[in-house]
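Below is one structure, written out as structure tokens; the observations come after it.
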Amino acid sequence: MRKPIIAGNWKMHKTAGESLELAQDLCKMTAEVTDVEIVICPTFTALYPVRMAICEGPLRLGAQNMHWEAQGAFTGEIAPAMVKDVGCTYVIIGHSERRQYFGETDDTVNKKVKAAFTIGLIPIMCVGETLEQREAGITEGVVGRQVRQGLTGLTAEQVAEMVIAYEPVWAIGTGRTASADDANAVCRFIRQVVTELVGAEGAEKVRIQYGGSVKAESIAELMGKSDIDGALVGGASLDAESFVKIVKYK
């Protein structure tokens with residue numbers, strides 16, 4: 001049985017002090033939650049203070065990105081060991097905003113996924129199609145390619161441990177959400193691709209999230225579907241009450 005995982009991606013919001021306050025509120029409001037894994041992903045500058053706030057609670061810490069090299073002359077980048085050292089368990093890799101605005105490719109996503117495993121981090125690998133691609137009827141072609149290339153060279157055991165987040169680009173920050181049936185269909189397709197790559201056992205264990213304007217009003221229906229194991233939440237994760245309503249969807 002796959003344990004649901006709800007992750008909050010705070011993106012480029014909140015100072016270290018504001019992040020600390022939100023993390024403290026979430027710790028109090030989720031103290032009794034045991035049936036859902038909760039991950040929060042603040043900005044790099046807030047990772048350490050947030051880690052100090054959540055060290056005794058149920059929350060897990062994640063970074064929003066990292067470089068694939070262990071170290072070097074990469075001004076402004078963050079190495080995998082730095083992410084691990086600050087207390088992260090998870091790292092988001094290949095978010096559509098990274099692909100769109102910063103030129104990330106399936107190849108660099110694959111490098112980062114491998115680097116995450118090398119250092120002991122669990123990657124949340126994002127995939128998803130644009131509105132143009134969806135309307136052209138090539139969603140499976142796009143998402144299938146992203147999954148196959150992103151998982152190149154990984155073992156079945158590694159794939160089983162990671163998280164894949166299906167985030168249709170047209171639903172991120174737009175207020176538009178894929179229907180629960182449509183989201184589940186793509187998540188099921190992703191699981192089929194994973195089965196082709198590493199076999200049924202790994203595919204049954206990998207957790208697949210849906211992301212894209214997820215709100216408290218939509219989460220229960222999404223989580224009721226067969227192949228949706230959680231959510232990668234954007235804007236709604238910036239408010240403690242709204243995020244906790246999503247976490248406590250049952």
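The values are calculated or read from the model by the stated rules, or taken from the named source; none is laboratory data. Treat the numbers as computed from the prediction; the structure is a model and nothing was measured. Every residue, glycine as well, gets a Cβ built from its backbone with ideal geometry; the counts of neighbours run over all protein chains shown. These area figures cover heavy atoms from the full protein model, side chains too; ligands, DNA and RNA do not enter into them. Shrake-Rupley method; radii C 1.70, N 1.55, O 1.52, S 1.80 Å.
Once the convex hull of all Cα atoms in the range 77-220 is built, its volume per residue stands at 119 Å³. Normalised radius of gyration (Cα atoms, divided by 2.2 N^0.38 Å) for the chain: 0.93. Share of carbon and sulfur in the accessible area of the chain stands at 51%, probe radius 1.4 Å.
Report the per residue volume, in Å³, of the convex hull enclosing the C-alpha atoms of the range 1-80. Present the calculation step by step, with values, prior to reporting the outcome.
On the way: hull volume 8.6 nm³, N = 80.
Measuring per residue, one finds 108 Å³ for the Cα hull of the range 1-80.
Computed from label points 7 Å out along Cα-Cβ, the spacing between residue 15 and residue 197 is 4.1 nm. Just to confirm the filter: which trypsin sites (Lys or Arg not before Pro) across the range 127-214 are DSSP coil and have at most 14 other Cβ within 10 angstrom of their Cβ? Passing sites in the range 127-214 are 176. Available extension along the chain between residue 152 and residue 55 is 31.5 nm, counting 0.36 nm per residue and deducting the alpha carbon span.
In the structure displayed, which of 3/84; 114/215; 3/112 lie more than 29 Å apart, Cα to Cα? Working shown, then result.
Numbers: 3/84 23 Å; 114/215 31 Å; 3/112 24 Å.
Pairs exceeding 29 Å: 114/215.
Residue separation times 0.36 nm, minus the C-alpha to C-alpha distance between residue 140 and residue 220: what's the value? Intermediate values should be presented prior to the final figure.
On the way: separation 80, 0.36 × 80 = 28.80 nm, distance 2.50 nm.
Extending this stretch completely gives an extra 26.3 nm.
Amide H contacts under 5 Å for residue 104: 99, restricted to partners 5 or more places along the chain or on a different chain, H placed in the peptide plane at 1.01 Å from N.
With no solvent and one equal point scatterer per Cα, compute the Debye intensity ratio I(q)/I(0) for the range 141-199 at 0.14, 0.24, 0.26 Å⁻¹ and report its log10, rounded to two decimals. Once normalised to I(0) and log-transformed, intensities are -0.42, -1.02, -1.13. A DSSP coil position with no more than 11 other Cβ atoms inside 10 Å describes the following GluC sites (Glu not before Pro) in the range 10-46: 32.
Rounded to the nearest 500, the 222 nm mean residue ellipticity of the chain from helices alone is -13000 deg cm²/dmol, with -39,500 (n - 2.57) taken per DSSP H run of at least 4 residues. Kirkwood analysis of the Cα pair distances in the range 106-148 returns a hydrodynamic radius of 11.5 Å.
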